[in-house]
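Values in this text are rule-based calculations from the coordinates and carry no lab data. The shown structure was predicted, so the numbers you read here are calculated from the model rather than taken from an experiment. A quick note on method: Cβ atoms are made from the backbone with ideal geometry, for glycine too, and the neighbour counts reach across all protein chains shown.
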Amino acid sequence: MQPEITKDEYEAELNRLHERREELEERETTLTSHDHGGGLPADDQNRLDRVRAELADVLQRIGDLRDRWADAGGARPDPDGALGE
C-alpha cells in the first residue's frame, strides 16, 4: 500500500505528468508529420515507438495517481483510471 498523499503533492504530480504528456504528444505529432505516405525512416520510427511507449506510461501514471488520490478520500475513483473502477 502506498503512503497517504496530500492535496498539494497530488496537484503538483498531476501537473508535472500533464506537462510531460503534452511534451510527448507534441513530439509524436512532430515525428508523424515527417511521414508523407511512405513511412518513416527506421531511426524516426524507433523514436516514435519510444515516444508512444513513454506516453502510454505517463497516461498510466496519471490514472494511477488519480486512483491513489481517490483511495485517499480525495475524489471519486475515475472510471477510466488504472483499475477501471
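Amide H contacts under 5 Å for Leu40: none, restricted to partners 5 or more places along the chain or on a different chain, H placed in the peptide plane at 1.01 Å from N. Applying the Karplus relation 6.51 cos²θ - 1.76 cosθ + 1.60 with θ = phi - 60° to the range 24-31 yields 3J(HN,Hα) values of 5, 4, 5, 5, 4, 4, 4, 5 Hz, where x marks Gly and Pro.
When each of the peptides 46-56, 27-37 is scored by the mean number of other C-beta atoms lying within 10 Å of its residues, the order from highest to lowest reads 46-56, 27-37. For Thr32, the shell of other residues with beta-carbons less than 13 Å away shows a net charge of -3, using +1 for Lys and Arg and -1 for Asp and Glu.
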